[in-house]
Amino acid sequence: MRLSLRQSVFLAVLVVILFPLAGCSSLSRGHEALLVLGDLSAGSEESRLKARTQAPTREGIRYAQEGRDYRADVYHPATPERGVMILVHGFTEDGRRDPRLVEFATTLSRVGFTVMVPELEGLRDYSISTREVEAIADAIRHSTQSLPEEESKAALAAISFAVGPAVIASLQEDTKARVSFIVSVGGYYDLTDMLRYVTTGEDRHGAGEAAPPPQREARWAVLMSQLHWLDDERDREQLSAIARRRLASEADSAEAEPVVTETAEELEGLGPQGRALYALVTNQDPARVEVLIDALPPSLIAELEALDLSKRDLDRLEAELVLIHGPQDRVIPFSHSRRLRDALPEGQARLFEASGLEHVAVSPGWRDGWGLWRAVNHVLRLGEQQQ
């Protein structure tokens with residue numbers, strides 16, 4: 001996160017105005033939330049939080065659950081005050097050592113969280129599946145099994161496409177009582193509607209407000225994330241080359257419309273499964289999305305359904321949900337977090353609208369400060385209750 005000077009001044013004034021009427025604990029927490037935002041803004045540079053707190057120690061660990069082997073980093077705070085937080089990264093080839101993730105984990109640990117960041121291979125190589133659900137559930141089991149029964153709870157924080165697997169991992173019979181709360185940043189609810197938006201720009205549940213146009217490169221990230229379900233190796237290689245070329249060219253393109261770069265030879269060389277997936281990703285007709293999904297390989301359809309929160313019995317979720325979403329998100333519309341909140345019993349989920357949040361990156365401007373500050377303040381309060 002990067003906050004401007006005007007944002008920082010605005011938040012400082014906000015704290016001065018609001019908190020003389022609050023209790024001492026609320027005053028302290030509100031100021032701490034402000035320090036968290038300042039530290040996230042500073043990144044690796046100096047900040048007031050860094051000056052006031054001791055840096056956490058990072059420990060690389062290996063662990064196993066029922067024969068499944070994992071790696072993770074654990075950030076140990078100098079003063080553990082807020083329990084365990086499992087931080088689940090989104091799509092990144094750097095995995096648990098992504099510099100932005102390291103900075104985020106370090107900041108959380110500076111305010112008293114013991115932060116565990118598991119390595120999730122599917123999110124490193126863009127092959128997300130229910131394997132990530134199992135890996136997150138195993139991280140929950142590992143992080144809580146050594147704690148006394150009355151304290152054996154962890155919190156989760158998940159980003160973007162990792163939100164679904166994190167929530168589903170918290171629904172297991174042996175994990176649901178072990179998760180105190182889940183922080184969702186820019187997460188999804190309905191995968192069919194997410195695919196419809198990414199490919200066609202239509203957000204059917206936008207509650208009347210017009211959704212911003214989707215990022216053009218998002219469809220190619222979706223293509224990359226599903227290639228491992230194709231049986232034909234040639235299809236996987238051909239579509240991977242197309243997706244990587246498109247991601248490289250369209251992310252920096254200023255053109256109003258994407259330039260089609262696929263040749264006739266490339267498309268003719270695709271098998272039935274490859275053509276079906278390519279047809280879905282390049283489709284621009286909202287009404288055809290369901291038909292195109294039904295034409296995908298059965299294994300891919302099964303995985304999409306398994307990861308779709310709108311098809312899950314969320315009444316079984318015991319954890320509180322903290323939803324943070326930008327209304328101008330161009331990858332996953334804000335409506336997904338609103339629908340996820342509404343799918344849970346009243347009071348179990350809180351939604352914080354962060355106007356300056358562009359999917360999972362903070363844009364310049366001071367208006368986002370209030371929403372982000374409220375969200376951080378709430379997370380710190382929930383963390384205190386873990387102890």
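Please treat every number below as a calculation from the coordinates, not as lab data. For clarity, every value in this text was computed on a predicted model and none was experimentally measured. Every residue, glycine as well, gets a Cβ built from its backbone with ideal geometry; the counts of neighbours run over all protein chains shown.
Give me a comma-separated list of calculated 3J(HN,Hα) values for the stretch 80-97, in order, Karplus coefficients 6.51, -1.76, 1.60 applied at θ = phi - 60°, integers in Hz, x for any Gly or Pro.
x, 10, 9, x, 9, 10, 8, 9, 9, 7, x, 5, 7, 5, 7, x, 5, 9
What does the charge count around Arg204 come to, taking other residues whose C-beta lies under 11 Å from its C-beta (Lys +1, Arg +1, Asp -1, Glu -1)?
-2
Which whole-number percent gives the relative contact order of the stretch 92-171, counting Cα pairs below 8 Å spaced six or more residues apart?
With pairs under 8 Å counted, the relative contact order is 26 percent.
Between Gln385 and Asp285, what is 0.36 nm times their sequence separation minus the Cα-Cα distance? Round to one decimal in nm.
31.2 nm is the gain from fully extending Gln385 to Asp285.
Within 10 Å, count the other beta carbons around each residue, average over each peptide in 175-186, 97-108, and list them highest first.
With the highest mean Cβ count within 10 Å placed first, the list reads 175-186, 97-108.
Taking the number of other C-beta atoms within 10 Å as the exposure measure, put Leu40, Leu340, Leu304 in order starting with the fewest.
With the fewest neighbours first, Leu40, Leu340, Leu304 line up as Leu304, Leu40, Leu340.
Would you give the gap between the C-alpha center of the stretch 109-125 and the C-alpha center of the stretch 297-344, rounded to a whole Å?
Measuring centre to centre over Cα atoms gives 21 Å.
Which order do peptides 343-351, 136-144, 30-38 fall in by mean Cβ count within 10 Å, highest first?
136-144, 30-38, 343-351
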